[in-house]
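A short write-up of the structure that comes next.
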Amino acid sequence: MTVTADELFRRASSGLPCWMGNPDGTREPLPIARWMGGDASSMEDRAADRTMIGQCTGPTLDLGCGPGRLTEGLARRGISALGVDTSREAVDLTVGRGGRAVLRDLFEPLPRAGEWSCVLLADGNIGIGGDPVRLLRRAADLIRPDGAVIAEVDAPGAARFQKRTVRWETDTMVGDWFAWASVSTAAIADLARTAGLTVVDIAPMHGRYFARMCPAPVGG
Ligand SMILES: C[S@@+](CC[C@H](N)C(=O)[O-])C[C@H]1O[C@@H](n2cnc3c(N)ncnc32)[C@H](O)[C@@H]1O
């Protein structure tokens, strides 16, 4: 059996560990407890979530919402939020905790495109698809002209920008390889500019960094 995102989130719900595997045989533990949120996550993770949520002032799209802790957290604060994920298990978990979510590839048509106040790319989701410029262009198309894209990026000391091939792994199983990317605080401004966005600020919280980007002025 291969590890799909569905299997990953089923294991996450049971508190079982999973990893992101690299072609050289190394692997990094996935922050499953952080993704699950609530009591499973640490005080630092919850503070970082509040930082992200605090930047969302209106209807928000949570791209690659996973089990939906941010979609739920936004809704609890009275902010209309929609999670988007290609994993059925992730969407079911999001809906099960009271959030709204659609089972959809984020590059496919989405409701209210161009009208969202905020688009979230949390937990390294700026790596989805392995092409951050394409992803940021897509996010930029989804927000309104005065909207913002909030993306979590790697710490200043990390590699600036890396395209990667990775797979999900458990203690006994591995998944298919897929394209991913890592982007640090040092690289986000250039990538954002290429995608037609401007980095307005980067908020640090307990060693994590959240870049807020707005549409670049026309001709700017
Ligand atoms: C880093 S993980 C999850 C992080 C998530 N914010 C959380 O709290 O669990 C990336 C998520 O993006 C989803 N995903 C990957 N590619 C996607 C795509 N093209 N469209 C929508 N969701 C995608 C995966 O299913 C997974 O749930």
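So the values come out like this:
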quantity: Difference of contour (0.36 nm per residue) and Cα-Cα distance, Met1 to Trp177; calculated: 61.9 nm
quantity: Segment 96-177: Cα Rg divided by the 2.2 N^0.38 Å rule of thumb; calculated: 1.29
quantity: Charge sum, other residues only, whose C-beta stays under 13 Å from Glu108's C-beta, Lys/Arg counted +1 and Asp/Glu -1; calculated: -1
quantity: Cut-off 12 Å between beta-carbons: net charge of the residues surrounding Phe210, Lys and Arg +1, Asp and Glu -1; calculated: -2
quantity: For segment 1-148: Kirkwood Rh in Å [reciprocal of mean 1/r, alpha carbons]; calculated: 15.7 Å
quantity: Trypsin sites (Lys or Arg not before Pro) within segment 57-96, DSSP loop, no more than 14 other Cβ atoms inside 10 Å; calculated: Arg77
quantity: Of all DSSP beta bridges in segment 5-215, antiparallel share, percent nearest 5; calculated: 60 percent
quantity: Net charge over other residues, Cβ less than 13 angstrom from the Cβ of Gly21 (K, R count +1; D, E count -1); calculated: -2
quantity: Accessible surface of the chain [probe 1.4 Å, protein heavy atoms]: carbon and sulfur percent; calculated: 52 percent
quantity: Accessible surface, segment 5-215, averaged per residue in Å² (probe 1.4 Å); calculated: 44 Å²
quantity: Full-stretch length increase - Ile202, Ala159 - with 0.36 nm per residue and alpha-carbon distance subtracted; calculated: 13.8 nm
quantity: Ordering of 148-154, 2-8 by burial proxy (mean other Cβ atoms within 10 Å per residue, highest first); calculated: 148-154, 2-8
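The values are calculated or read from the model by the stated rules, or taken from the named source; none is laboratory data. Computed from a predicted structure; not experimentally measured. Backbone-built Cβ (ideal geometry, glycine too); neighbour counts: all protein chains shown. Side chains are part of the model used for accessible areas, which takes the heavy atoms of the whole protein and leaves out ligands, DNA and RNA. Shrake-Rupley method; radii C 1.70, N 1.55, O 1.52, S 1.80 Å.
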